[in-house]
Structure formats: structure tokens, C-alpha cells
Amino acid sequence: MNIDELRGWATVMDRAVVASLIATILALSALGITTWLSFRFSAGVRAHEQAVVEQEVATARGRTASLEHDVSEARERAMALEREAAAARERAATYGQAAREANERAARADSEVTAAGARERAAQLDAAEIQQRLADLGKRVREATASAPNPAEASPAPASPIVASLRKYAGTAATIFVLDQAADAPASGASIAGTLGDAGWAAQTWKWTGVAGILGVVVLVKEGSDATTNEAASTLVEDLRSAGFNATKGDWPANWRRFRGMLDGPQTPDPTEASIRIVVGVKPR
């Protein structure tokens, strides 16, 4: 083989080496690009997977929060049900107690009815005995009346000097105020009222509470009264003194229709209508 052929072969070999080198370079470039693309794809996949995982984590957290809220509501409902159950138990206990008390009251009512029936039967027996006694008493009264002298034939008892003195003013209206705080005032007031009644006076008695410090009997005359009223009041004072009362005559210290304390007595007439007012206080010792 001559030099030209060798050169031709060398040229061919050089070209083949160059082509092989180019092919190697192209293969390496393709491999690098493939590797780079693979890395990019893997990074995208990982980013997508991470986003999916984060979304799932967020969803799981939301479901967990919702479950916690549901559990909290369930606990609250359970507590409310427990409170209602406790209230129902208390109401049941109250109703039971009320039922027991009602039964006890019914039992007591039954026993009281039985006792009342027994008392009624005893009262009926007592009523029969009372009627018999009343019949016997009526019989004795009729017998005593038949044997008693005729009252028309008996001579009337003479009037006391005080009654005879006050009869000149019969019809005179007077109010008697008896002090409630004076222990002996009611008896004195009753005695004076009886005397005035026997003399024909129109006298009414009231109990006077809330007032103290009045001694004896004070006869008061309404301001502007006529001479007959004043004369009757003066005569009453003298007669009361003669009967042993510590009596004085005076004037009402304020408006005739106004008074302290409270009056307890008849509804009519009004206790301020009469022109003569007799106040019975503490009896001097």
C-alpha cells in the first residue's frame, strides 16, 4: 500500500474519529439535557406532590377542627341533658314529697272528719240534754212567775240624787272617751254612762287609745255652745264630785273635730257630734 492509500485511510480514520467524537459529544449533550429535564420534571413532581400533601394536611386540620367543634357541642349537649335530668329528678322528688304530704293531709282530714263526726254525735246528745234542762228551767220560771207578785203593784225604786239632778237635762247628747291606758277607766266610764242613761241623757262611749296623762274625769264643752249645755256640763261636774269622782270642767284645747290617737266605739253617731265630751282618765290615788 502506497503512501497515498495510507493517507486516504488516515483521512478516513480521522473522519471516523471526528464523527465518533461528534456522536459522543451529541450523546453526552443529549444525556445532559435528558438529565436536566429529568431533574426539572422530578422537581415539578415533588412540588406538585408537596402542594397536594399540604392541601391534604390543611384539609385534615379543617376536619380535625370540625371534629373538635362537634365534640365540644356534643359535650355541651350532654351537659345540658345532664342538667335537665337533674332538674327532672328534683321535680320528681318534689312531686313525691308533695304526694306524701297530700296523703298525710288526707289521712289527717279523714281522722278529723271522724273526730268531727264523733263530736257532732256528742253535741247532739249534749243538745238533747240542754233542751231538757231548758225545758226544766222554763217550767221553774213559769212556776216562779205564777207565784211572784204583780210588778205593777210594786212601788218603783226612788232615783238617786245624781240621776234626779241630771234628769232636768234629759236628751242632752254627750260622748264618753275612756282612756285605754288607764286600768280603772273602763269601770268609771261604765258607771258614768249608766248614770247618764238613767237620767235620760243620750250618751255613747268610745275607747280612746294613743293618749295618756289625763287624771280623773274632765268634762269639756264645745266652744259656742248654748247656756243650757254649759249649765248641764257644770251640773254634771258637781254631781260627779259628789259621787266621789275627781271631776273638773274645761275647754277642748284644739278644733272640736280633731283628736289624737284613735277612737273605738259605735259607728253612729260620730264621736265629735255631741257638744259635751266626758274624758275618763287615770283615777288619782
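Taking only protein heavy atoms and a 1.4 Å probe, the accessible area of the stretch 19-67 is 70% carbon and sulfur. Inter-label distance, Glu273 to Ala164: 3.3 nm, where each label sits 7 Å from its Cα along the C-beta direction. Looking at the calculated P(r) for the stretch 149-269, what percent of the C-alpha pair distances fall above 25 Å? Looking at the stretch 149-269, the distances longer than 25 Å represent 27 percent of pairs.
Residue order by solvent-accessible surface for Phe259, Phe41, Phe245, Phe177 is Phe41, Phe259, Phe245, Phe177, largest first, with ligands and nucleic acids left out and a 1.4 Å probe. Residues whose amide H comes within less than 5 Å of that of Ala203, counting only those at least five positions distant or on another chain, are Ala174 (H built at 1.01 Å from N in the peptide plane).
A simple rule links phi to the HN-Hα coupling: the Karplus curve 6.51 cos²θ - 1.76 cosθ + 1.60 with θ = phi - 60°, which for the stretch 77-89 gives 4, 5, 5, 5, 5, 5, 5, 4, 5, 5, 4, 5, 5 Hz, with x for Gly and Pro.
The spread of Cα positions in the stretch 45-86, taken along each principal axis and listed from longest to shortest, comes to 60, 6, 5 Å. With Cα atoms defining each centre, the stretch 46-94 and the stretch 1-41 are spaced 71 Å apart in the structure. If you roll a 1.4 Å probe over the stretch 190-285 with all protein chains in place, what percent of the accessible area is carbon or sulfur? Whole-percent figure for carbon plus sulfur exposure: 48. Using a probe of 1.4 angstrom and keeping all protein chains present, the accessible surface of the stretch 1-109 works out to 86 square angstrom per residue.
For the stretch 45-52, putting each phi into the Karplus relation 6.51 cos²θ - 1.76 cosθ + 1.60 with θ = phi - 60° gives couplings of 5, 4, 4, 5, 4, 5, 5, 5 Hz, in residue order, rounded to whole numbers and with x for Gly and Pro. Accessible area of Lys168 (1.4 Å probe, protein heavy atoms only, ligands and nucleic acids ignored): about 150 Å². What is the Rg over Rh value, at two decimals, for the stretch 1-66, using alpha-carbon atoms and the Kirkwood definition of Rh? Using only Cα positions, Rg/Rh for the stretch 1-66 is 1.67.
The values are calculated or read from the model by the stated rules, or taken from the named source; none is laboratory data. All values derive from a computational prediction rather than experimental measurement. Quick reminder, even Gly has a Cβ in these numbers, built from the backbone with ideal geometry, and neighbours come from all protein chains shown. Areas reflect the complete protein model, heavy atoms only, side chains present, ligands, DNA and RNA absent. Shrake-Rupley method; radii C 1.70, N 1.55, O 1.52, S 1.80 Å.
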